[in-house]
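Have a look at the structure below before the remarks.
Just so it is clear, none of the values below were taken in a lab; they were calculated from the coordinates. Just so it is clear, the model here is predicted, and its values are computed rather than measured. Methodologically, a virtual Cβ is constructed for each residue, glycine included, from the backbone with ideal geometry; neighbour enumeration extends over all protein chains shown.
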Amino acid sequence: MLRARGGVARGVLHVPCKRLLASGGLVNAGFAASSVFVSLFFYVTSGSITKMVLYSLGSYTGLTFGFLAMARWFPETSPRKLFRTGLGLNATFYLLLIALGHEAGELALELGLVSGVAAGTYWLGANTLTYDVLSPEGRGHFYGLNFAVTSVLNFVMPLTAGAIIGRLGGETGFVVVFTIALVAFVLAWWAARGLSNTHGIGGVPLRRALAIPPLQSEWGRMWLAIVMRGFKQAAGGLGLIVLVAMATHSSTAQGEFAAVASLASVGTSVLAGRLRPESRSLGMWMGAAGFALATTMLLFRADFAMLMVYGALSGLVYPGLMVPLAAGVLDVIDADPAASQIRGTYMLSQEVAINAGRIGAVLSLTALLAVARPVEAILVVLCVGALLQLAAAHLGSAALEHRPAT
């Protein structure tokens, strides 16, 4: 059998799922402590939004390249080894940030590429392991619990990191936060030794991954939905950091904003993970519509108080779309009778989609910054991302509704 088929029985996680959840939790702790502050670090050290955008562009480009390289050049490498290799590369990235200090701003694009390749290697292993380990009936519950745990970490870690930077100030505070992330990735690397060991994904050329969406209509719909989710993710991840920075000029405020948005999503993530298959489409529509309404609030005012309200509301409603969509991706893959043999092709196709959306958001923001004020440019990109979530809900629902029975 290809898969460990850990799954969930009577709401209880089996051992392979627990190991994946535990090691992934350490990774999420590292990302939660640092992700907001890495982007902010490039903004603070250079005083330029452009450097921050260059880092993001390099990161998403490197992420795509990391997937392509690992899928193409290391076909027999097990997902577990890719998972651990990615963790080692992420640790190396944080070592570079610590060593370079304020000089990192001059290498924003290059360091973004390093970060992206590291993340791409990790996520290829993580996503493939998730597909291999989880049974279809356990996916919703696993993703709901995983997103809830991530939300708790995204509440605790940014608050802690923001307080550290606010208290220590300047480069010293950032170095301490990056050291916390480094330790988390090292611990995750150690913990991941016990993960299930499934076979490699096979050599997957890019042309094969790109050929699946037009050839298989349901995957094509899901592929576009993933692109739109990627656009929203990058637009928010980059734009909201700048809005909070311009409104407050405070690292502590960055942690508070991230914490409020994450805390609001804990309960909704668990509930969304327990939706019955026939209710997932409704959950997607409610999540997308609620998120779009929350985003329109920023058009009236974008001060810190309104940003906090937006963070709470969007965090509360967005898991309704995010959790069913994540589980639905694996359900649509399963509808292909050859899925177990070509799962690597689907994983690569999925990552090309989400990174196409991310890069599209960064390039859109870059173009708008050349002709509009920063706040206006960011609000346009955020609103476009919110509207795209409605289309993602439609496409994701249609893909699940019309997929062949498995």
Of TRP73, LEU153, GLY140, which is farthest along the charge dipole of segment 66-198 in the positive direction, counting Lys and Arg as +1 and Asp and Glu as -1 at C-beta?
-> GLY140
In segment 75-159, which GluC sites (Glu not before Pro) fall in coil by DSSP and have 15 or fewer other Cβ atoms within 10 Å?
-> GLU76
Enumerate by residue number the chymotrypsin sites (Phe, Trp or Tyr not before Pro) in segment 271-323 meeting two conditions: DSSP loop (anything except H, G, I, E, B), and at most 14 other Cβ atoms within 10 Å of the site's Cβ.
-> PHE300
Taking Cα centroids, how far is segment 251-280 from segment 342-368 in Å?
-> 23 Å
What ³J(HN,Hα) values, in whole Hz, does the Karplus curve 6.51 cos²θ - 1.76 cosθ + 1.60 give for segment 31-41 when θ = phi - 60°, with x put for Gly and Pro?
-> 5, 5, 5, 10, 4, 4, 7, 5, 4, 5, 4
Over the chain, relative contact order from alpha-carbon pairs under 8 Å, at least 6 apart, % = 25 percent
Per-peptide average of other Cβ atoms within 10 Å, ordering 32-45, 379-392 highest first = 32-45, 379-392
Mind giving me the nanometre distance, one decimal, between the label points for ALA367 and VAL183, set 7 Å out from Cα along Cα→Cβ?
-> 4.5 nm
What is the extension gain from ALA305 to MET286, computed as 0.36 nm multiplied by their sequence separation minus the C-alpha to C-alpha distance, in nm to one decimal?
-> 4.4 nm
Ranking GLY112, ALA312, LEU330 by how far each Cα lies towards the positive end of the charge dipole of the chain (+1 on Lys and Arg Cβ, -1 on Asp and Glu Cβ), the top one is LEU330
One point scatterer per Cα, no solvent, Debye formula: log10 I(q)/I(0) for the chain at q = 0.13 Å⁻¹ comes out as -1.10
Read phi for every residue in segment 114-120 and hand back ³J(HN,Hα) as whole Hz from Karplus 6.51 cos²θ - 1.76 cosθ + 1.60, θ = phi - 60°, with x for Gly and Pro.
-> 4, 4, x, 4, 4, 5, x
Tilt relative to the chain, helix 280-296 - C-alpha long axis, 0 to 90 degrees, to 10 | 10 degrees
Rounded Å value of the spacing that divides the Cα centres of segment 214-249 and segment 158-173 | 28 Å
Ordered by fewest other Cβ atoms within 10 Å, a rough proxy for footprinting exposure, ASP331, ASP132 read ASP331, ASP132
Mean-position separation - Cα centroids, segment 75-137 and segment 299-325, in angstrom | 28 Å
Could you run the Karplus curve 6.51 cos²θ - 1.76 cosθ + 1.60 with θ = phi - 60° over segment 212-217 and give me ³J(HN,Hα) per residue in whole Hz, x for Gly and Pro?
-> 5, x, x, 7, 10, 4
Once the Cα atoms of helix 170-191 and of the chain are each reduced to a long axis, what angle between those two axes, in degrees from 0 to 90 to the nearest 10, is obtained?
-> 20 degrees
Per-residue ellipticity at 222 nm for the chain, helices alone: DSSP H runs ≥ 4 residues times -39500 (n - 2.57), over residue total, nearest 500 deg cm²/dmol?
-> -28500 deg cm²/dmol
